[in-house]
Amino acid sequence: RTIVVLVFSWILVLLTRTISGITVISGKTLLFLVLSGIATGASWLCYFKALQIGDVNKVVPIDKSSTILTILLACIFFHEGLSLFKLVCVCLIGLGTMLMINRKEDLDKSWLIYAILSAVFASLTSILGKIGISEIDSNLGTAIRTSVVLVMAWLMVFVKNKQSEIKSIDHKELLFKINELRKSY
């Protein structure tokens, strides 16, 4: 999936002719783009681990609650206003998240730790990404960040010694994923 996103993001950089911006990226911008990419990769790793051991109807709402944390962090770090309306909306998102989580007792709650970490890293992705793209074109920032995510994903494949499983990927499934990503652009 990341390879397809990477290809499309660099195609957008070329189409928008923003590739020249790569030569003027400051160290600070690059640092925050790399950190945002690492946070994205960490979020995905935690999310998929949570899905492996937990119920999807519990994991997804917690992961998506990153919206609440992102809004709160944006208020703290970027001094974005928190109007009464926004505060009510944040509370409603939180309430909706709580209502979506089935209260059935689990014996193994380890999925919860991974789901919460997924939400925290997803929120950090947004905050770090905002800082990272403040001085460059957003398409270029996305392409650089996605490059970091791809490196991180492949590092995990090799750390887990799963590279031999690449041969067993169903080609029809791969084409389906490419087509789904194409539709989202």
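The values are calculated or read from the model by the stated rules, or taken from the named source; none is laboratory data. Note that the coordinates shown come from a computational prediction; the quantities given were computed from them, not determined experimentally. Neighbour counts run over all protein chains shown; Cβ positions are idealised from the backbone, glycine included. Heads up: the accessible areas ignore ligands, DNA and RNA and are worked out on the full protein's heavy atoms, side chains in. Shrake-Rupley method; radii C 1.70, N 1.55, O 1.52, S 1.80 Å.
Quick notes on this one:
- Screening Asn161 with (1) over 30 Å from Ile25 (Cα atoms); (2) touching a residue at least 60 places away in the same chain (Cβ under 8 Å); (3) not in a helix (DSSP H, G or I) gives one miss only, at (2).
- Only one of the listed residues (Ile101, Ile116) is aliphatic (A, V, I, L, M), closer than 22 Å to Cys46 by Cβ, in contact with a helix residue (DSSP H, G or I) (Cβ under 9 Å, 6 or more places away or on another chain) and open to solvent by 60 Å² or more (accessible area, probe 1.4 Å). That residue is Ile116.
- Screening Leu72 with (1) farther than 30 Å from Arg17 by Cβ; (2) open to solvent by less than 60 Å² (accessible area, probe 1.4 Å) gives one miss only, at (2).
- When the stretch 133-150 is filtered for residues that are touching a residue at least 60 places away in the same chain (Cβ under 8 Å) and either exposed (fewer than 15 other Cβ atoms within 10 Å of the Cβ) or farther than 18 Å from Trp44 by Cβ (or both), the ones remaining, listed by number, are Ile133, Ser134, Glu135, Ile136, Asp137, Asn139, Leu140, Gly141.
- Only one entry of Thr40, Thr23 meets the criterion of being open to solvent by 80 Å² or more (accessible area, probe 1.4 Å) and either of a type in the set (Lys, Arg) or part of a helix (DSSP H, G or I) (or both), and that entry is Thr23.
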